[in-house]
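Heads up, the thing below is written out as structure tokens.
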Amino acid sequence: MTQPPFRVGLGFDIHPLKEGRPCLLGGVTIPSDVGPDGHSDADVLLHAAADALLGAAGLRDIGTIFPNTDPACQGMDSARILRRAAEEASQAGWCVGNLDVVVVAERPRLSAHVPAMQKRVAEILGIDPSRVGIKATTNEGMDAVGQGRALSVHAVCLLFKA
Ligand code: MG
């Protein structure tokens, strides 16, 4: 059966925000009183991006590759997670076309940091920053994200056959 030369994947992640945690998003440390809490460095953006990429490649999710019960993953740099996802996709013959993400957060304010995040995510993936879209929005005061107690990220990724 003929396989299409491109595939799309969807990723989602959410972490609670905790006082005093570093706010690492898209591989960039953002000045903030609160940061995503988690087992690894809790970079929600890179986790959602990695799952989008793995999903597009038809591979299992990041929890399978890097279980949050594994002590080796404690405090892990999530750039390693995204790079591994890109490597697995590459081994299956896929190249990243583009990645687009939406960060949903009431705090901290992110717009000033978007260009740095684009640059860093592109660097991790080895693509041009113009192929990484990052948008920030709020949850209009609704639910845990809207009340500033959590931060979530939606990501889509297009892969194409080299
Ligand atoms: Mg996560």
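State which residue is surrounded by the most Cβ atoms within 10 Å (Cβ to Cβ) when the search covers only the range 102-124 and only residues that are without any contact (Cβ under 8 Å) to a residue 24 or more places away in the chain and closer than 13 Å to LYS135 by Cβ.
Ranking the candidates gives VAL114 first.
ASP61 - would you say it is within 12 Å of the ligand (Cβ to nearest atom) and of a type in the set (D, E, K, R)?
Numbers: within 12 Å of the ligand (Cβ to nearest atom): yes; of a type in the set (D, E, K, R): yes.
For ASP61, the condition - within 12 Å of the ligand (Cβ to nearest atom) and of a type in the set (D, E, K, R) - is met.
Provide a single number: the residues in the range 17-32 that are in contact with a Pro (Cβ under 8 Å, 6 or more places away or on another chain) and assigned to a loop (DSSP other than H, G, I, E, B). Give the steps one after another, and end with the answer.
Here is the first cut: in the range 17-32, the residues in contact with a Pro (Cβ under 8 Å, 6 or more places away or on another chain) are 17-18, 21, 23-25, 29-32.
Checking the rest, the ones that are also assigned to a loop (DSSP other than H, G, I, E, B) come to 21, 23, 30-32.
Qualifying residue count, the range 17-32: 5.
Could you please find all residues in the range 125-151 being touching a residue at least 60 places away in the same chain (Cβ under 8 Å), touching an Asp or Glu at 6+ places or on another chain (Cβ under 7 Å) and either buried (at least 19 other Cβ atoms within 10 Å of the Cβ) or closer than 20 Å to ASN98 by Cα (or both)?
Scanning the range 125-151 gives a single hit, VAL145.
Right, ASP100: of a type in the set (D, E, K, R) and within 16 Å of the ligand (Cβ to nearest atom) or not? Talk me through it step by step, then tell me what you get.
Details: of a type in the set (D, E, K, R): yes; within 16 Å of the ligand (Cβ to nearest atom): no.
No: the conditions fail for ASP100.
Give me the pairs: first residue in the range 70-89 and farther than 23 Å from ILE127 by Cα, second residue in a helix (DSSP H, G or I) and modelled with pLDDT of 80 or more, beta-carbon distance under 7 Å, and six or more apart or on different chains, which are they?
none
Of (1) over 29 Å from ASN139 (Cα atoms); (2) aliphatic (A, V, I, L, M); (3) touching a residue at least 60 places away in the same chain (Cβ under 8 Å), ILE30 satisfies all except one. Which?
Checking ILE30 against (1) over 29 Å from ASN139 (Cα atoms); (2) aliphatic (A, V, I, L, M); (3) touching a residue at least 60 places away in the same chain (Cβ under 8 Å), the one that fails is (1).
Can you find even one residue in the range 67-82 that is within 19 Å of ALA155 (Cβ to Cβ), over 14 Å from the mean Cα position of the chain (by Cα) and either part of a helix (DSSP H, G or I) or more than 13 Å from the ligand (Cβ to nearest atom) (or both)?
no
I need the full set of residues from the range 34-52 which are more than 10 Å from the ligand (Cβ to nearest atom), in contact with a Pro (Cβ under 8 Å, 6 or more places away or on another chain) and in contact (Cβ under 8 Å) with a residue 60 or more places away in the chain, in order please.
VAL34 - this is the single residue of the range 34-52 that is more than 10 Å from the ligand (Cβ to nearest atom), in contact with a Pro (Cβ under 8 Å, 6 or more places away or on another chain) and in contact (Cβ under 8 Å) with a residue 60 or more places away in the chain.
The values are calculated or read from the model by the stated rules, or taken from the named source; none is laboratory data. If you're wondering where the values come from, they're calculated on a predicted model, not measured in any experiment. Glycine gets a Cβ as well: all are built from the backbone with ideal geometry, and neighbour counts include every protein chain shown.
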